Amino acid sequence: MPERAGRRRRPVSTAAAWTLRPGLFAFCAFPLYWMLVSSLKASHELLASPPTFWPHEWELRAYRKLFYETNFWRYFENTVVVAAMTTVIVLVAGVIGAYSLTRYAFRGRTLVARLTLLAYMFPPIIMLVPLFLLARELGLTNSRPGLALTYISFSLPYALWILRAFFQSIPIELEQAALIDGANRAQALAYVVMPLALPGIIATAIFTFIVAWNDFLFALVLIGHDELKTLAIGVNEFFHMAVVDWGLIMAAGVMITIPALIFFVAIQRYLIAGWGAGGVKG
């Protein structure tokens, strides 16, 4: 009897899953669709009541204004540079630090690993004032390296923790075999350990990139010059115009979302593998 009941429940649960998937997809995709459609609507149609889910008139006015009448491309360049700097430094430091925590025996190694997780548990806003004061003393306000360093400060603990979990899952015998064959530590790390830990490295890169790409608060506090503003701060200025152009804001939202969305979709499977393994092994 229990076996029959299980067989009956299985088709029901499968049907429920397939029923919920379209609804979940629509729930997640509709804001993106609405943003894209609104960016292509004529000005008089944007605030029409009732709203139109398919524009009667298509136009690229908002994109022309965004590209030619604002500093959007300067904001875009600043965001890309800061996100790239943050991601590269966090990956390099995270790989070296996690490798040291898993391959070298020293007193307090476990304590150091736990402290990195403890540092990640605190919300970044707690560090806002101390980091601002430190950046001001070092002359790093209104600079892209200074902004990147703030992102590194709360992204690096996560990188150390998840990469440590991946390196622990790699048999040390593989590395020892490479050392016996004549490789040094750096070569063993580059050609043996890192390829096997690639899902974790990519997951860490995605997390770090998205943190730097989407941040608003730290950029708002540390950056004051218009030519150094990131996308989040630059687009926020559009809300303070004499007349708020919602088509312009929607077009900016589309242009901000597309690069991150493409990057995420392209390596989504590595991200899922990275989070899964990082959560199981520790």
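The values are calculated or read from the model by the stated rules, or taken from the named source; none is laboratory data. No experiment lies behind these values; they were computed from the predicted model shown. Every residue, glycine among them, receives a Cβ derived from its backbone with ideal geometry; neighbour counts consider all protein chains shown. Side chains included, ligands, DNA and RNA excluded: accessible areas come from the protein's heavy atoms. Shrake-Rupley method; radii C 1.70, N 1.55, O 1.52, S 1.80 Å.
How far is helix 2-39 tilted off the main Cα axis of the chain, in degrees rounded to 10, range 0 to 90?
It works out to around 50 degrees.
Counting every Cα pair in the stretch 145-194, what percent are over 16 Å apart?
Tail of the P(r) past 16 Å holds 54 percent of the pairs.
Specify the angular offset, from 0 to 90 degrees and rounded to the nearest 10, of the alpha carbon long axis of helix 128-137 from the longest principal axis of the alpha carbons in the chain.
With rounding to tens, the tilt is 80 degrees.
Efficiency by 1/(1 + (r/R0)^6): what FRET value for residue 226 and residue 88, r their Cβ-Cβ distance, R0 = 35 Å, to the nearest 0.05? Each step should come with its number before you reach the end.
Working: r = 26 Å, r/R0 = 0.75.
Computed FRET efficiency for residue 226 and residue 88 comes out at 0.85.
Want the number for residue 246 to residue 81: 0.36 nm per residue separation, take away the alpha-carbon distance, what's left?
56.7 nm
With N denoting the number of residues in the stretch 12-108, provide Rg(C-alpha) divided by 2.2 N^0.38 Å, to two decimal places.
The reported ratio for this selection is 1.89.
Report the Stokes-Einstein translational diffusion coefficient (µm² s⁻¹, integer) for the stretch 174-240, Rh taken as the Kirkwood radius over Cα pairs, at 4 °C with viscosity 1.567 mPa s.
It comes out at roughly 85 µm²/s.
Farthest toward the dipole's positive end in the chain, which of 176, 85, 156, given Cβ charges of +1 (Lys, Arg) and -1 (Asp, Glu) about the Cα centre?
Final value for the positive-end residue is 176.
What number, in nm² with one decimal, is the all-direction average of the projected area of the convex hull of the alpha-carbon atoms of the chain? Walk me through the intermediate numbers first.
Working: hull surface 92.2 nm².
Mean orientational projected area (the chain, Cα hull): 23.0 nm².
Using the reciprocal of the averaged 1/r over all distinct C-alpha pairs, how large is the Kirkwood radius of the stretch 60-204 in Å?
17.7 Å
Keeping every protein chain in place, order 193, 265, 112 by accessible area at 1.4 Å, biggest value first, i.e. largest first.
The most accessible residue leads, giving 265, 112, 193.
Which residue, chosen from 211, 29, 19, occupies the Cα position most advanced towards the positive end of the dipole of the chain, where the dipole is computed from +1 (Lys, Arg) and -1 (Asp, Glu) charges on Cβ about the Cα centre?
19
Using the C-alpha atoms of the stretch 211-270, what convex hull volume per residue, in cubic angstrom, is computed?
About 94 Å³ per residue, rounded to a whole number.
Of the accessible area of the chain, with the probe set at 1.4 angstrom, what percent is carbon plus sulfur?
Carbon and sulfur together cover 70 percent of it.
Express in nm, to one decimal, how much length is gained between residue 43 and residue 137 on full extension, taking 0.36 nm for each residue of separation and deducting their alpha carbon distance.
On the way: separation 94, 0.36 × 94 = 33.84 nm, distance 4.68 nm.
Length difference between fully extended and current span is 29.2 nm.
Working with all protein chains in place, sort 75, 120 by solvent-accessible area computed with a 1.4 Å probe, largest first.
Numbers: 75 10, 120 90 Å².
Solvent-accessible surface, decreasing: 120, 75.
What angle do you read, to the nearest 10 degrees and between 0 and 90, between the alpha-carbon axis of helix 144-169 and the longest principal axis of the chain?
Orientation of helix 144-169: about 50 degrees from the principal axis.
Going 7 Å from the Cα of residue 30 in the Cα-to-Cβ direction, what parts of the stretch 51-73 have a backbone nitrogen less than 15 Å from that spot?
51-54
With bins 5 Å wide starting at 0, give me the P(r) of the stretch 124-264 over every alpha carbon pair, in whole percents.
2, 8, 14, 14, 14, 12, 11, 9, 6, 5, 2, 1, 1, 0, 0
Given that compact globular proteins tend to follow 2.2 N^0.38 Å, what is the ratio of the alpha-carbon Rg of the stretch 40-81 to that value? Could you put the intermediate results ahead of the total?
On the way: Rg = 14.0 Å, N = 42, 2.2 N^0.38 = 9.1 Å.
Relative to the 2.2 N^0.38 Å estimate, the stretch 40-81 comes out at 1.54.
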